[in-house]
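Asks: Dumping the structure here so I can ask a few things about it.
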Amino acid sequence: MKTALVTGASSGLGKEIATILAMAGYRLVIVGRNADSLNDVKQLTDTYNQQSTEMIIADLSQKEDVMKLVEKIEQLEQLDVTVNCAGYGLFKPYDELDYDQTEQMFRVNVFQLMALSQASANKMLKQQSGHIINVASIAGKIATPKTAVYSATKSAVISYSNALRLELADSPVKVSVINPGPIQTNFFKVADNSGEYEKSVQMIMLDATKLAKESVRLLTHYKRELNRPYIMHAAHLIYTVFPTVSDFLTVKLFNKK
């Protein structure tokens, strides 16, 4: 039986990916900070799988918890898939985010992901198989007003994953990046509690279950990147070719957070 580790599994996209992996027969190790929510996911995934889901309560902003998870990866008999889905955002003007908030976002969105990707890659190289899927964001490609730090963290995830993919190119270990736009989850309750941004992007909101299915499909139909929705992927291509015009339009369209 194949084994998959999923962080950020207590809600949102992580929960949906964990559920679909369980339905596909994977033994799961799920990681989250909220014990009650994570236990609910365990109960759900256990109904699809004869092998009981293992849950690990961890605050991935804390180095100690990250290092314990690194040790767990090293101790696993086998690790076939790692999905780094844990992350969050705060949508505020650049001058309203203090140093601690900035550091915290980088700890959760970037530093722990790098540590777990490194540990997973080492494990997978030893067994000569495996797939790392890192969840970034289209914000890592198209920065918008009031996402200076969040976009920077996701750009870092994309760059790290791209470099890791190149370093593993001669091995059987694969690396994919998922770059979603806004997803219909609780993400915006933290990112923008005014609700204004969520209203402004309602028309392009992604369905978490559908995106999770596409994400898990990368395990059998490999792609280096999954960019959704298509309209924002197209916008990134236009942004690359016409950056000055795109800056103007981005300010007009997305300065609503």
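The values are calculated or read from the model by the stated rules, or taken from the named source; none is laboratory data. For clarity, every value in this text was computed on a predicted model and none was experimentally measured. All Cβ positions, even for glycine, are placed from backbone atoms using ideal geometry, and neighbour counts span all protein chains on display.
Asks: Considering every residue within segment 150-170, establish whether at least one is in contact with a Leu (Cβ under 9 Å, 6 or more places away or on another chain) and at pLDDT below 95.
Replies: no
Asks: Against the condition out of contact with any Leu (no Cβ under 8 Å at 6 or more places or on another chain), over 20 Å from Ile178 (Cβ atoms), of a type in the set (Phe, Trp, Tyr) and modelled with pLDDT of 95 or more, how does Tyr99 come out, does it pass?
Replies: yes
Asks: From the list Ser159, Ser176, Ser171, which one is within 12 Å of the chain's Cα centre (by Cα) and without any contact (Cβ under 8 Å) to a residue 60 or more places away in the chain?
Replies: Ser176
Asks: Look through segment 35-69, keep the residues that are crowded, with 17+ Cβ neighbours inside 10 Å and of a type in the set (A, V, I, L, M, F, W, C), and return whichever of them is nearest to Ile20 (Cα to Cα).
Replies: Checking each candidate, the answer is Val41.
Asks: Next question, about the same structure. Conditions first: (1) over 20 Å from Gln104 (Cα atoms); (2) in contact with a Cys (Cβ under 9 Å, 6 or more places away or on another chain); (3) not polar (S, T, N, Q). Ile73 passes all but one, so which condition is the exception?
Replies: It is condition (2) that Ile73 fails.
Asks: Now a separate question. Anything in segment 1-21 that is crowded, with 23+ Cβ neighbours inside 10 Å and either more than 18 Å from the chain's Cα centre (by Cα) or at pLDDT below 95 (or both)? List them, or say none.
Replies: Result: no residue meets the conditions.
Asks: Right, here's the next one. Quick check, is Leu90 farther than 23 Å from Ser159 by Cβ, in contact (Cβ under 8 Å) with a residue 60 or more places away in the chain and outside any helix (DSSP H, G or I)?
Replies: When the stated conditions are applied, Leu90 does not pass them.
Asks: Checking the conditions here, which among Leu69, Leu60 is under 18 Å from the mean Cα position of the chain (by Cα), part of a helix (DSSP H, G or I) and modelled with pLDDT of 95 or more?
Replies: Of the residues listed, the single one that is under 18 Å from the mean Cα position of the chain (by Cα), part of a helix (DSSP H, G or I) and modelled with pLDDT of 95 or more is Leu69.
Asks: Let me ask something else. Keeping to segment 30-60, report how many residues are closer than 21 Å to Arg107 by Cα and in contact with an Asp or Glu (Cβ under 8 Å, 6 or more places away or on another chain).
Replies: Residues in segment 30-60 being closer than 21 Å to Arg107 by Cα and in contact with an Asp or Glu (Cβ under 8 Å, 6 or more places away or on another chain): 4 in total.
Asks: A further question follows. Between a residue in segment 123-141 that is assigned to a strand (DSSP E or B) and any residue that is of a type in the set (Phe, Trp, Tyr), which pairs come within a Cβ distance under 9 Å, given they are 6 or more apart or on different chains?
Replies: Qualifying pairs under 9 Å: His131/Tyr222; Asn134/Tyr160.
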